[in-house]
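Report on one structure; see the data block that follows.
The numbers here are math on the coordinates, done by the rules we state, and not lab data. Just so we're clear, the structure is a prediction, and the values are computed from it rather than from any experiment. With ideal geometry, Cβ positions are generated from the backbone for all residues, glycine too; neighbour counts draw on all protein chains shown.
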Amino acid sequence: MMEQQTLIPHLFRTEYSKIVAVLCKRFGFDQMEIAEDIASDTFLAAVQTWPLHGIPPHPVAWLYHVAKNKARNWLQRESVFRHKVSPALKEEEGQDIDLSPKNIEDSQLQMMFAICTPVISPEAQIGLSLRILCGFGIEEIADAFLSNKETINKRLFRAREKLREEKIRLRMPEVREIDERLATVMTTIYLLFNEGYYSLSQDSTIRKDLCFEAMRLCRMLVENPMTNKPAVNALLSLMCFHASRFEARVGPQGEMVLYDDQDTSLWDAALISQGGYYLSCSAHGPFLSSYHLEASIAYWHCIKEDTTEKWENILQLYNRLLQVEYSPIAALNRTFALAKTNGKLAAIAEAEKLMLTDNHFYYTLLGELYTGIDNEKAIAHFLLALYLAKTTTDKNIIQQKINRL
Amino acid sequence: MDEFVLIMRHPDGKKVASPEQMQIWMKQTMDWIGGIAAQNKYVGGNGLVFDDSRVVRPKNVVTNGPFGEIAETIGGYMIVRAESIDEAVEFAKGCPVLQGEGNSMEVRKIAKRE
């Protein structure tokens, strides 16, 4: 019994999305809900029969078999209906459902491209990806977004409608449009990763799952020759480096541990070396993407020794990243690196020009920079940060810094 | 917000400085650009190569090098976003080129296309 309680959720996570992708490809993308229903029914059948008859010897094969039968029944009903309405539409009968590894992979990849389209909002892309590509339950998605089931259901419903209206089809993009389409897919994968990495959700298992799902999707892109591009490798490298600090960045009470205070023995060496591998795979071709720069920055952060060389490299990479793509967080991190290389006074002068006055990280940074230079000013900035911070985790970190002064 | 071009006028660094000094200037230039980009005010820019340049005049007259007054040659340019010419001038003041006697930064507003 115990075994089933863990096996079925596990299989749901790994197999649900495969079944949906293959059925969707077979039925047509506009029948996505039917594909999802059949996949859900398949798991319902497992939940109902396995406790009575025991776990079948090949659970995955069992699921595929049941899904195929259910799909065939549906197609038959469809064709009877169509046969009456329009006798010309008979050609779909008798074709089998192909659950081979190759077709599963192709279908999932096509599904990725179909969902990651600017036609629907980034939140909807992430939501649908979690549901359809990663087999997340609505409740888990709601948890990850700090939202409720109704909102997520509505969001996913509208997204499906929109995809139908726009007649989005399940197919690989043409070679000439692949870079542009890949850019959207990569953005969604990175957002999905960040959703997990920086999520405000207290549930750390879900947060980790989001990150590993994002990495799994990216790995699928790397494993397919058509989508194995330098920037995709850079993105995967970046996520490996970040994920390597998972254990180190959360303390025993679930509190956030900042980079400088982390126990480096908790950094995951296997993920760091994977990150290094994909970073070297990314180093060809004429385009230097922002993922390349971010992955290189993340690489230097995985070097434990606190040397001038390390921070000089990080500073120059941030200088370039900001030219390619500005973001407030990159501007703040760049200024932190500047303090490490050019000294706190130089960094204070630069920080005061940033004017990110609604951002608590901005005042936390200023507080850090003034610490040891002018502690009164440091406290004043930390207090502003405390006022602007929204989560208890952030407030606690800032309070600790004030207490130290 | 308008766009301004900051035009750097200075001689060929390779001819007046050691490789070590060049490296220091390079870092200072990168930090200067990064500081503007960190304020989300950087639009674009390029350094210009001094070697093997030409000037084309009327009647297809082509000469080597631009160069009248050596300190008047253009070594690069950067385009920034700024609220006013004064803000753009503040950006220009940080350029390491101005450490050299006789060098200058020219600040010009970019004409808007109708």
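About the centre of its Cα atoms, the range A:282-383 shows a dipole size close to 120 debye [charges on the beta carbon of Lys, Arg (+1) and Asp, Glu (-1) only; nearest 20 debye]. By the rule of a C-alpha distance below 18 Å, with chain neighbours fewer than 8 residues away ignored, the lysines paired with B:Lys112 are B:Lys41. Annotation: extensible slack from A:Glu165 through A:Arg13 equals 51.8 nm (criterion: 0.36 nm per residue apart, minus Cα-Cα distance).
Averaging the sequence gap over all C-alpha pairs within less than 8 Å and six or more residues apart, then dividing by the number of residues, gives chain B a relative contact order of 48 percent. Here A:Lys25 is the anchor, and the lysines within straight C-alpha reach of less than 19 Å, apart from those fewer than 8 places off in the same chain, are A:Lys68, A:Lys70, A:Lys90, A:Lys102, A:Lys162, A:Lys167.
Taking a point 7 Å from the Cα of A:Asp261 along the Cα-to-Cβ direction, the residues of the range A:361-375 with backbone N closer than 20 Å to it are A:361-373, A:375.
Note: relative contact order over chain A, using C-alpha pairs below 8 Å and six or more positions apart, is 10 percent.
Report the calculated FRET efficiency for A:Glu33 and A:Glu312 (r = Cβ-Cβ distance, R0 = 60 Å), to the nearest 0.05. List each step's numbers first, then the result.
On the way: r = 54 Å, r/R0 = 0.91.
Taking R0 as 60 Å, the efficiency between A:Glu33 and A:Glu312 is 0.65.
Partners of A:Lys344 within straight-line reach, counting lysines whose Cα lies under 19 Å from its Cα and excluding those fewer than 8 residues away in the same chain: A:Lys310, A:Lys353, A:Lys377, A:Lys401, B:Lys27. Candidates A:Gln316, A:Ala346, A:Ala243 compared by Cα position along the dipole of the range A:219-357: farthest toward the positive end lies A:Gln316, with charges placed on Cβ.
How large is the dipole of the protein assembly as shown about the Cα centre if only Lys and Arg carry +1 and Asp and Glu carry -1, each at its Cβ, rounded to the nearest 20 debye? Working shown, then result.
Working: 58 positive and 67 negative charges, 223 e Å.
So the magnitude is around 1080 debye.
Pulled fully out, how much extra length does the chain show between A:Phe212 and A:Lys102, if you take 0.36 nm times their separation in residues and subtract their Cα-Cα distance? It would help to have the intermediate numbers written out before the result.
On the way: separation 110, 0.36 × 110 = 39.60 nm, distance 2.22 nm.
Stretched out fully, the A:Phe212 to A:Lys102 stretch lengthens by 37.4 nm.
What FRET efficiency would be calculated for the residue pair A:Val324, A:Ser40, taking the C-beta separation as r and a Förster radius of 45 Å, to the nearest 0.05? Each step should come with its number before you reach the end.
Values: r = 43 Å, r/R0 = 0.96.
Step by step, r from the Cβ atoms, then E = 0.55.
Charged side chains reduced to their Cβ positions (Lys and Arg at +1, Asp and Glu at -1) give chain B a dipole of some 400 debye around its Cα centre.
Of all stretches in chain A that contain no chymotrypsin sites (Phe, Trp or Tyr not before Pro) in a DSSP loop with at most 14 other Cβ atoms within 10 Å, the longest one is A:1-197. Helices meeting the span-like rule in chain A (full DSSP H runs, Cα extent of at least 27 Å along the helix axis, mean Kyte-Doolittle score of 1.6 or higher) are absent. Find me the longest stretch of chain B that has none of the exposed trypsin sites (Lys or Arg not before Pro), where exposed means in a DSSP loop (not H, G, I, E or B) with at most 11 other Cβ atoms within 10 Å. Longest stretch, sites excluded: B:1-58.
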